[in-house]
Amino acid sequence: MLGLWFELRGKILPAWKRPGRRGSASAARVITSRAEPRAANPGNPSDGGGSSAANAALSFRAGAALIAAMSKLPLRLALVPALLWLAAASPLPALEPSNLYPHKQELRAYVESGEYARSVADVALSANKYLVKRIHRGAKPGQKLAVVFDIDETALSNLPHILADDFGYIPRLWDAWVAEGQARAIVPIQTVYETAVRAKVDVFFITGRSEAQRAATERNLREVGYDTWTRIIYLPPGDTPPTMARFKTEARKRLTAEGYVIIANIGDQASDLVNGYADRTFKLPNPFYLAK
Ligand SMILES: [Mg+2]
């Protein structure tokens, strides 16, 4: 065994050490890179580690040179074993993601079966029960109680648009839909809203809709029965927050600094609800899209 090692080393090492030999230099580089963790973003083809295609080419040449050195075959005849070696050394191909079509069917069934509406109603019922009790407890001196609602898929439903576009998001069509102002009220959530309004609790809407969509949004809200609010906070013009969660968190933080106690925060996205500044959060289902 030891003899075999020295025999191999005698054939391989001289090849690595000779500068200017493409195959041998590549072999040394490949072996070094395999031993080190990749520090740069592997998805970035411009990173210092080189592209995966370049690495594959280096691996291939190195494999051919290595096998030629070991077997004393000419480089050309070593190509087949080198290919086999490359295939064995390459990472497994990514699994094919699940097909989109049955997933769309599943979403349609969720809506058409009434399961989506039932889930929304369950959350709204919990929020309303909590709100009635919490409002009954009242506010401490100097406190102003507030409830925060998101708009899309919380106060208003865009399901007709979502279904018409087959769950796609096309910004031009979405903007046209918002401008039409035809979104429907989500009635169970409207019940929660009315509980807050009747008790004179301040109502805030915090929405990812833009300031430019203010007029159409407020017309839509009023037409379906949301006609009272203290403020609607839109995404400011030109503002591109790193995430929706950051924008909404900052908005609630400012309300808290103004002396409001947000007793309930209701939305359909985790980004509506994370990072505090609310006593209770209520998450509505939304398997149709994701806003981070
Ligand atoms: Mg929403």
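The values are calculated or read from the model by the stated rules, or taken from the named source; none is laboratory data. None of these values were measured; they are calculated from a predicted model. Here the Cβ positions follow ideal geometry from the backbone for every residue, glycine too, while neighbour counts run over all protein chains shown.
Things worth noting here:
- Residue in region 213-232 that is more than 18 Å from Gln190 (Cα to Cα) and of a type in the set (Phe, Trp, Tyr) present: no
- Residue list for region 126-167, filter: away from the ligand (no atom under 16 Å from the Cβ), touching a Ser or Thr at 6+ places or on another chain (Cβ under 8 Å) and within 16 Å of Ala278 (Cα to Cα): Asn128, Leu131, Ile135, Ala146
- Considering Asp227, Asp279, Asp272, the condition of being within 16 Å of the ligand (Cβ to nearest atom), on the phi < 0 side of the Ramachandran plot and of a type in the set (Asp, Glu) is satisfied by Asp272 alone.
- Restricting attention to region 98-150 and to residues that are more than 30 Å from the chain's Cα centre (by Cα) and at positive phi, the residue that is surrounded by the fewest Cβ atoms within 10 Å (Cβ to Cβ) turns out to be Gly142.
- Take the conditions (1) outside any strand (DSSP E or B); (2) among the β-branched types (Val, Ile, Thr); (3) at pLDDT 95 or above; Thr240 misses just one of them, which is (3).
- The test for being in a loop (DSSP other than H, G, I, E, B), under 15 Å from Val148 (Cβ atoms) and of a type in the set (Asp, Glu) holds for Asp279.
- Tally, over region 245-254, of residues that are more than 22 Å from Gln190 (Cβ to Cβ) and either under 20 Å from the mean Cα position of the chain (by Cα) or assigned to a strand (DSSP E or B) (or both): 5
- Qualifying residue in region 255-268 (condition: buried (at least 19 other Cβ atoms within 10 Å of the Cβ), within 16 Å of the chain's Cα centre (by Cα), at pLDDT 95 or above and within 16 Å of the ligand (Cβ to nearest atom)): yes
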